[in-house]
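The values are calculated or read from the model by the stated rules, or taken from the named source; none is laboratory data. The structure presented is a predicted model; accordingly, all values stated were derived computationally and were not measured. Please note: Cβ atoms are built from the backbone with ideal geometry, for glycine as well, and neighbour counts cover all protein chains shown. When the accessible area is computed, the model is the full protein with side chains, heavy atoms only, and any ligands, DNA or RNA have been set aside. Shrake-Rupley method; radii C 1.70, N 1.55, O 1.52, S 1.80 Å.
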Amino acid sequence: MPAVAVHTVPLREGPVLPYAEAGDPAGTPVVLVHGYVDSWWTFEPLLRCLPSSLHVYAPTQRGHGDAEKPPDGYLPEDFATDLVAFMDAVGIERAVLVGGSSGGVQARIVAGRYPDRVAGLVLLGTPVTLSDKPAAVEMWEVVRQLEDPLDRSFAERFALGLIAGSAAGSVGRGFLETVVEESLKAPARVWRETLRGLLETDLRATLSGILVPTLALWGDQDPFVTREEQQTVLDSVLGSRLIVYEGVGHVVHWETPERVARDITEVANTTA
């Protein structure tokens with residue numbers, strides 16, 4: 001179990017971001033990219049399971065958690081720009097990018113635009129599109145009316161809705177409470193503008209130009225992301241692979257961190 005240290009780094013022409021770091025500084029760099037209203041804490045169970053032979057980073061993105069919260073810059077494109085700037089700031093020339101949920105969108109953008117910076121890509125329950133999903137549209141109707149301070153019960157329902165019912169007991173209560181607390185650190189405008197960006201951006205276009213080894217991990221009880229979308233990834237990204245986690249919901253790295261760690265490690269080892 002590698003030790004996890006937390007640091008902060010200023011991005012050039014960008015906000016100051018906290019990030020977690022674990023593993024061997026000489027190991028293969030792996031960057032974990034969190035999704036909507038998460039922070040680096042969403043990967044805490046996974047960080048504990050990844051081998052010390054990897055050098056793992058998990059930044060918190062602008063507006064989220066304890067990161068600085070500029071007034072704008074919440075489109076997928078902005079988060080992708082920050083991701084490259086983060087890699088520059090901490091001295092990563094090339095890394096395996098692991099995108100959790102919508103974090104896979106900015107990871108896809110970077111992989112397609114800067115293939116020399118990406119050794120491999122792992123997508124954890126990442127949607128191909130959102131605007132065509134009734135659940136996302138319903139979510140927007142609620143989120144667009146949010147005001148500060150956010151209601152904790154709303155954040156709790158949102159987090160619990162990401163887990164397969166059969167796996168609810170496998171996710172620690174203390175961890176879930178931390179996830180909720182972290183989501184409440186994002187002000188209402190960040191909830192709103194980040195979701196607006198995901199709904200209004202052509203997310204399908206972010207699959208184009210990806211030439212790096214790509215692995216999609218998907219839980220078959222995912223209430224948001226469909227099997228058909230995973231097939232779209234396979235059809236769009238040459239040589240990509242899919243692993244289906246049976247009985248698992250949307251956030252595979254919460255429910256089965258050990259298994260996700262093994263699959264990420266395989267990608268890292270084959271791209272080193």
Original post:
If each Cα of segment 55-207 is one equal point scatterer, what is log10 of I(q)/I(0) from the Debye formula at q = 0.11, 0.17 Å⁻¹?
Top reply: -0.46, -1.13
Subject >> Gain on full stretching of the segment that runs from V244 to V6 - 0.36 nm per residue minus C-alpha separation >> reply: 82.5 nm
Subject >> Reciprocal mean inverse distance between Cα atoms of the chain - Kirkwood radius, Å >> reply: 18.2
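Counting only DSSP beta bridges with both residues in the chain, what percent are antiparallel, rounded to the nearest 5?
Taking every DSSP beta bridge within the chain, about 35 percent pair in antiparallel fashion.
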**OP:** Hey, can you grab everything whose amide H is under 5 Å from the amide H of L11? Only 5+ residues off in sequence or another chain; H modelled, so Pro and N-termini drop out.
**Re:** V16, L17
Original post:
Given charges of +1 on the Cβ of Lys and Arg and -1 on the Cβ of Asp and Glu, with all other atoms neutral, how large is the dipole of the chain about its Cα centre, in debye to the nearest 20?
Top reply: 260
Original post:
What is the spin-label model distance, in nm, from D116 to T226 if the labels are put 7 Å beyond Cα along the C-beta direction?
Top reply: 4.0
**OP:** Determine the order of M87, M139 by accessible area, beginning with the largest, at a probe radius of 1.4 Å.
**Re:** M139, M87
**OP:** Count charges around E93 for me, please; just the other residues with Cβ under 12 Å from its Cβ, Lys/Arg as +1, Asp/Glu as -1.
**Re:** 0
Original post:
Near the amide H of V118, under 5 Å away, which other amide H atoms are found, from residues 5 or more places off or on another chain, if H is placed in the peptide plane?
Top reply: A95
Subject >> Residue-wise HN-Hα coupling along segment 128-142, computed from phi with Karplus coefficients 6.51, -1.76, 1.60 (Hz; x: Gly, Pro) >> reply: 7, 9, 10, 5, 8, 9, x, 5, 5, 5, 5, 4, 4, 4, 7
Subject >> 1.4 Å probe accessible area per residue over segment 122-272, in Å² >> reply: 47
Original post:
With charges only on Cβ, +1 for K and R and -1 for D and E, what is the dipole size of segment 102-151 about its Cα centre, in debye, rounded to 20?
Top reply: 440
Original post:
With all protein chains present and a 1.4 Å probe, how do F154, F43 order by accessible area, largest first?
Top reply: F154, F43
Original post:
Gaussian network model of the chain, Cα springs within a sub-10 Å range: biggest mean-square fluctuation belongs to which of L238, L215, L124?
Top reply: L238
**OP:** Could you pull out the longest piece of the chain with no exposed loop GluC sites (Glu not before Pro) in it, calling a site exposed if DSSP puts it outside H, G, I, E, B and it has at most 10 other Cβ atoms within 10 Å?
**Re:** 148-245
Original post:
Put a dot 7 Å past each Cα toward the Cβ at A135 and R204; how far apart are the dots in nm?
Top reply: 2.0
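Summing -39500 (n - 2.57) over the DSSP H runs of n ≥ 4 in the chain and dividing by its residue number, what mean residue ellipticity at 222 nm do you reach, to the nearest 500 deg cm²/dmol?
Per the formula, -11500 deg cm²/dmol.
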